[in-house]
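Asker: The structure is given below, and queries will be raised subsequently.
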Amino acid sequence: MELGARMIELRAARGWTQKELAGRSHLPQATMSRIESGAVKHPSTRTLEALAKAFGIPLDVLIAPRDLSTAEILAEVATDERSAKVLRVFSGLPDKGRGEFEDMAAWLEQKYKKPADEEPEAG
């Protein structure tokens with residue numbers, strides 16, 4: 001898988017826009033667009049390191065030429081077995097199942113979302 005396609009999948013898996021990735025990596029959004037479109041095939045090492053750090057994955061995983069899905073790669077670098085299992089299950093689902101999985105994840109996220117910190121009352 002080419003770097004641009006991998007970046008798109010990694011962003012989608014996290015629900016990020018190019019703008020959000022740019023902010024997290026401290027790189028221009030135009031750089032994200034050029035890499036994802038394939039206009040830039042070989043970004044600088046500094047750019048690759050910033051992207052890997054933003055995604056929370058090792059650099060070699062970001063640029064891995066292996067034919068693994070993004071979910072499989074994320075499962076390899078998951079910090080706990082529970083996360084790895086979720087990613088393995090997701091990667092084995094057909095598109096319809098992935099959509100249902102994402103819907104369920106969104107529902108759970110809303111259900112367990114912590115309320116925003118409230119301002120302390122002046123007293």
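The values are calculated or read from the model by the stated rules, or taken from the named source; none is laboratory data. These numbers come from a predicted model, not from an experiment. Neighbour counts run over all protein chains shown; Cβ positions are idealised from the backbone, glycine included.
Asker: Scan region 43-55 for residues that are free of Cβ contacts under 8 Å to residues at least 12 places away in the same chain and assigned to a loop (DSSP other than H, G, I, E, B) and jot them down. Quick ask: steps written out before the conclusion?
Answerer: Within region 43-55, the subset free of Cβ contacts under 8 Å to residues at least 12 places away in the same chain is 44-46, 49, 52.
Answer for region 43-55, where residues must be free of Cβ contacts under 8 Å to residues at least 12 places away in the same chain and assigned to a loop (DSSP other than H, G, I, E, B): just Ser44.
Asker: Here's another thing I want to ask about it. Pairs needed: first member in region 1-16, closer than 18 Å to Ala50 by Cβ and modelled with pLDDT under 90; second member anywhere, part of a helix (DSSP H, G or I) and among the aromatic types (Phe, Trp, Tyr); C-beta distance under 7 Å; at least 6 residues apart or different chains.
Answerer: Leu10/Phe55
Asker: Quick check, is Gly38 surrounded by fewer than 16 Cβ atoms within 10 Å (Cβ to Cβ) and at pLDDT below 90? Before the answer, list the steps.
Answerer: Working: surrounded by fewer than 16 Cβ atoms within 10 Å (Cβ to Cβ): yes; at pLDDT below 90: no.
Answer is no for this residue.
Asker: Within region 72-94, work out how many residues are assigned to a helix (DSSP H, G or I) and at pLDDT 80 or above. Spell out how you get there, then give the answer.
Answerer: From region 72-94, those assigned to a helix (DSSP H, G or I) are 72-77, 81-91; that's our starting set.
Now drop any that are not at pLDDT 80 or above, which leaves none.
Here the count works out to 0.
Asker: Counting just the residues of region 29-42 that are in contact with a helix residue (DSSP H, G or I) (Cβ under 6 Å, 6 or more places away or on another chain) and not in a helix (DSSP H, G or I), which one comes out farthest from Glu9 (Cα to Cα)?
Answerer: Among them, the one singled out is Val40.
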